[in-house]
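Visitor: Would you mind keeping the following structure in view while I ask a few things?
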Amino acid sequence: MPAFVGIVKLNSIGSSGVFHIGDVFAISPQSVTKTFAGAGSFNTGDGLHVYNYYSNTNTNDADVADENVVGNV
């Protein structure tokens, strides 16, 4: 059954968001990220005591692309 849509006002949409009006079978946004972080980077909470005497993050990435999203539908 076709969708009847009235007036639409779109203020903003994020870079990985999907804006669709009408009938759709499946919407599957895809994104690929790579995060480099050292010791104690993702700790959250109250009263943390993190002691990192030595932290080294190796970011040597020889290949150009790790996980390509192009063509994956």
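Visitor: Write down the accessible area per residue of the chain in Å², having rolled a 1.4 Å probe over the full set of protein chains.
Guide: Ligands and nucleic acids excluded, the result is 98 Å² per residue.
Visitor: In whole percent, and with a 1.4 Å probe on the protein chains, what portion of the accessible area of the chain is carbon and sulfur?
Guide: Ligands and nucleic acids excluded, carbon and sulfur give 51 percent.
Visitor: Can you give me the distance in nm between label points at Asn43 and Asp23, each placed 7 Å from the Cα along the Cα-to-Cβ direction?
Guide: 5.6 nm
Visitor: I would also like to ask the following. Lys/Arg Cβ at +1, Asp/Glu Cβ at -1, dipole of the chain taken about the Cα centre: which of Ser55, Pro2, Asn68 is farthest positive-ward?
Guide: Pro2
Visitor: Where does the range 1-56 land on the Kirkwood hydrodynamic radius, alpha-carbon pairs, in angstrom?
Guide: Computed over Cα pairs of the range 1-56, the Kirkwood hydrodynamic radius comes out at 16.9 Å.
Visitor: Normalised by the number of residues in the range 1-56, what is the relative contact order in percent for Cα pairs under 8 Å and 6+ residues apart?
Guide: Dividing the mean separation by the residue count of the range 1-56 yields 27 percent.
The values are calculated or read from the model by the stated rules, or taken from the named source; none is laboratory data. Small disclaimer: the values here were computed from a predicted structure and weren't measured. Using ideal geometry, Cβ is built from the backbone for each residue, glycine included, and neighbour counts are taken over all protein chains shown. Side chains included, ligands, DNA and RNA excluded: accessible areas come from the protein's heavy atoms. Shrake-Rupley method; radii C 1.70, N 1.55, O 1.52, S 1.80 Å.
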